[in-house]
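No value in this document is a laboratory result; all are computed from the given coordinates. As the structure is a computational prediction, the values presented were derived from the model and not from experiment. Because the Cβ atoms are built from the backbone with ideal geometry, glycine has one as well, and the counts that use them run over all protein chains shown.
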Amino acid sequence: MSAKLMMKQVTHTYGDGDGARTILNHLDLTVNDSEFVAVLGPSGTGKSTFLSAAGALLTPTSGEIYIDGEPLGNKDKSALTELRLQKIGFMFQSAQLLPYLKVEEQLLYVAKLAKLSTKEAKERSAYLLKRLGIWERRNHYPEKLSGGEKQRVAIARAWMNKPAVLFADEPTASLDFSRGKEVVQMIADEVKNEGKAAVMVTHDERMLEWCDRVYHLQDGVLVEQ
């Protein structure tokens, strides 16, 4: 097994002096290929900071982060942007689809940014949309989709660039239980099918049965459940 995500002694502090607040405190985490990990914690515990650091959106105060074996600490802004395009997929609470693009166009736009060939992009988008049961909706705009369909498109888009790691931030928050369960099962299936890794931040403990490991974020560190 190879580590798709490795966080070593990652610390992040906001402010300085007496007003400093440590959000992540020498945090460690390793997620290997084909692993789906959940991180729990009430609001205000630093889940967003954790996800931003792990996903190369925030440079931590100290510590090392590796994505697919590549250290993030020695990369400049443009190199980090390129790494996100090639190695990282993101899913958010709301699907955050572009309203002026049809379903298939959402995926092809990501493929273009990730520099996939036109042929590969078309094949990849068709494969994902069929797997996730939304192929027949490929020519619809987001406004014509249900909440569950939008999140399916968001999953397909997040996997489009064949990322080493998918980060999902409360992906079921806007869905009812049955739709949410479908979404989490689909993430779990793709993790196994593609030999990738996924990290889901959630507060919904009903979604944990599809995860390989569950952590609580407490006092800036991850405690395995």
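I'd like to verify a number: residues in the range 2-60 that are part of a loop (DSSP other than H, G, I, E, B), at negative phi and touching a Ser or Thr at 6+ places or on another chain (Cβ under 9 Å), how many?
Within the range 2-60, the subset part of a loop (DSSP other than H, G, I, E, B) is 2, 15-16, 20, 33-34, 41-46, 55-60.
Adding the requirement that they be at negative phi leaves 2, 16, 20, 33, 42-43, 45, 55, 57-60.
Filter again for touching a Ser or Thr at 6+ places or on another chain (Cβ under 9 Å), leaving 20, 33, 58, 60.
Of the residues in the range 2-60, 4 are part of a loop (DSSP other than H, G, I, E, B), at negative phi and touching a Ser or Thr at 6+ places or on another chain (Cβ under 9 Å).
Only one residue in F177, F167 is surrounded by fewer than 22 Cβ atoms within 10 Å (Cβ to Cβ) and of a type in the set (F, W, Y), so which one is that?
Values: F167 fails: surrounded by fewer than 22 Cβ atoms within 10 Å (Cβ to Cβ).
Step by step, each of F177, F167 is checked, and only F177 is surrounded by fewer than 22 Cβ atoms within 10 Å (Cβ to Cβ) and of a type in the set (F, W, Y).
Step by step: first the residues of the range 152-181, then only those that are of a type in the set (V, I, T) and without any contact (Cβ under 8 Å) to a residue 60 or more places away in the chain, then the one that is farthest from K122 (Cα to Cα). Which residue is that?
Of all residues in the range 152-181, those of a type in the set (V, I, T) come to 153, 155, 165, 172.
So of that shortlist, the ones also without any contact (Cβ under 8 Å) to a residue 60 or more places away in the chain come out as 153, 172.
Values: V153: 15, T172: 28 Å.
Step by step, filter the range 152-181, then rank; the result is T172.
Confirm whether L40 is buried (at least 19 other Cβ atoms within 10 Å of the Cβ), within 28 Å of G147 (Cβ to Cβ) and in contact with a Phe, Trp or Tyr (Cβ under 6 Å, 6 or more places away or on another chain).
Working: buried (at least 19 other Cβ atoms within 10 Å of the Cβ): yes; within 28 Å of G147 (Cβ to Cβ): yes; in contact with a Phe, Trp or Tyr (Cβ under 6 Å, 6 or more places away or on another chain): no.
It is false that L40 is buried (at least 19 other Cβ atoms within 10 Å of the Cβ), within 28 Å of G147 (Cβ to Cβ) and in contact with a Phe, Trp or Tyr (Cβ under 6 Å, 6 or more places away or on another chain).
Pick out, from the range 118-225, the strands (runs of 3 or more DSSP E) lying fully within it that include 3 or more residues that are under 29 Å from T81 (Cα atoms).
Numbers: elements: 165-169, 197-201, 213-218, 221-224.
Output list reads 165-169, 197-201, 213-218.
Condition first: without any contact (Cβ under 8 Å) to a residue 24 or more places away in the chain, exposed (fewer than 14 other Cβ atoms within 10 Å of the Cβ) and assigned to a helix (DSSP H, G or I). Can you find one or more residues in the range 66-78 that meet it? Talk me through it step by step, then tell me what you get.
Filtering the range 66-78 for residues without any contact (Cβ under 8 Å) to a residue 24 or more places away in the chain gives 70-78.
After this cut, where a residue has to be exposed (fewer than 14 other Cβ atoms within 10 Å of the Cβ) as well, the list is 71, 73-74, 76-78.
Retained after the next criterion (residues that are assigned to a helix (DSSP H, G or I)): 77-78.
Taking every residue of the range 66-78 in turn, at least one turns out to be without any contact (Cβ under 8 Å) to a residue 24 or more places away in the chain, exposed (fewer than 14 other Cβ atoms within 10 Å of the Cβ) and assigned to a helix (DSSP H, G or I).
Looking at Q93, Q86, can you tell me which residue is assigned to a loop (DSSP other than H, G, I, E, B), out of contact with any helix residue (DSSP H, G or I) (no Cβ under 9 Å at 6 or more places or on another chain) and within 19 Å of A198 (Cα to Cα)? Please lay out each step first, then the result.
On the way: Q86 fails: assigned to a loop (DSSP other than H, G, I, E, B).
The match here is Q93.
Condition first: surrounded by fewer than 21 Cβ atoms within 10 Å (Cβ to Cβ), of a type in the set (S, T, Y) and either in contact with an Asp or Glu (Cβ under 8 Å, 6 or more places away or on another chain) or free of Cβ contacts under 8 Å to residues at least 40 places away in the same chain (or both). Now tell me which residues in the range 93-137 satisfy that.
Y109, S117, T118, Y127
All but one of (1) within 19 Å of the chain's Cα centre (by Cα); (2) over 25 Å from Q9 (Cα atoms); (3) of a type in the set (D, E); (4) surrounded by fewer than 18 Cβ atoms within 10 Å (Cβ to Cβ) hold for E149; state the number of the condition that does not hold.
It fails just one condition, (4).
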